[in-house]
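Q: Supplied in structure tokens, the structure appears directly below.
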2 protein chains.
Amino acid sequence: MCIMDVMNLLQTAGPAVDASCCVPSDKPVLGIEEAQRKALVFKALADPNRLRLLSIVKAEASGESCVCDLTEPLDLGQPTVSHHLKILVEAGILHREKRGTWAYYSLVPGVMDDIAGILSAL
Amino acid sequence: MCIMDVMNLLQTAGPAVDASCCVPSDKPVLGIEEAQRKALVFKALADPNRLRLLSIVKAEASGESCVCDLTEPLDLGQPTVSHHLKILVEAGILHREKRGTWAYYSLVPGVMDDIAGILSAL
DNA sequence: CACATAGATTGACATTCATCGATATAGCTG
DNA sequence: CAGCTATATCGATGAATGTCAATCTATGTG
């Protein structure tokens, strides 16, 4: 806490002092654990290649994409794409469904709105 | 491109083949540069302490917070907080205004909606 | 069963990043 | 001007991350 804050607190009442830098709010700050949980979602979005993966999955008319069609347009190796997809699934953004030999990835319904909600509720 | 895609492409027309993993979409993928630009915003949000900073700034009734009141509740050193604030400013999320000795940080108006827009437009 | 293919996992490596201590800069005050 | 205070910048360090090559697992096919 800075000195100006102390000065403010010493004032038991009365109008705001000028020359004060600010009055600290006593509202509850976003908790550490909750902040970490929310940061996980944005970490998942914080990579250009993962954003491109999402754009491909989203553009797919069927709503689904398999890994083999996600690897080529990104010019990345197959293990790297699998790694990115895993991060997106663990963040709750993508859904993974294995049918036979192939794995299909799709957007979790409503997840974009959910993320927008996280922002609004900060 | 996987073998099943090749098989699909070799079919000049006709109904969808079963046993195909997927049909690659020819829609334009999010470009590399655009993806990098958008990822910058999410990188800025991808840290728990930066989310907490945003929550404090947002909760402030005046809409502004100075660094001295942002340092204590996060239990971080002053240089670290300055560093995080710089990242948020460079991402276009926070606005910095220096008045006298103090620096005041405030949310850029409408930025939350802008970020939600980035998500929708992926 | 033997083999091929789709996808996941592992281990290594280089890069990026969060954090801190020390220092620099800029504005205020005597 | 000298000293103090708020904030920014710098340099170093340890941790996290993106990428790849190699390998593993599971499913389908002869």
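Values in this text are rule-based calculations from the coordinates and carry no lab data. If you're wondering where the values come from, they're calculated on a predicted model, not measured in any experiment.
Q: Could you give the length gained on full extension between A:Arg37 and A:Ala121, defined as 0.36 nm per residue of separation minus the Cα-Cα distance, in nm?
A: 28.9 nm
Q: Filter A:Lys38/B:Lys86; A:Lys43/B:Lys58; A:Lys86/B:Lys43; B:Lys58/B:Lys98; A:Lys58/A:Lys86; A:Lys43/B:Lys98 down to the pairs with a C-alpha to C-alpha distance above 27 Å, please.
A: Pairs exceeding 27 Å: A:Lys43/B:Lys98.
Q: Let me ask something else. Rounded if a/c is under 1.5, else prolate if a/b is larger than b/c, else oblate: which is segment A:32-120, with a ≥ b ≥ c the root eigenvalues of its Cα gyration tensor?
A: prolate
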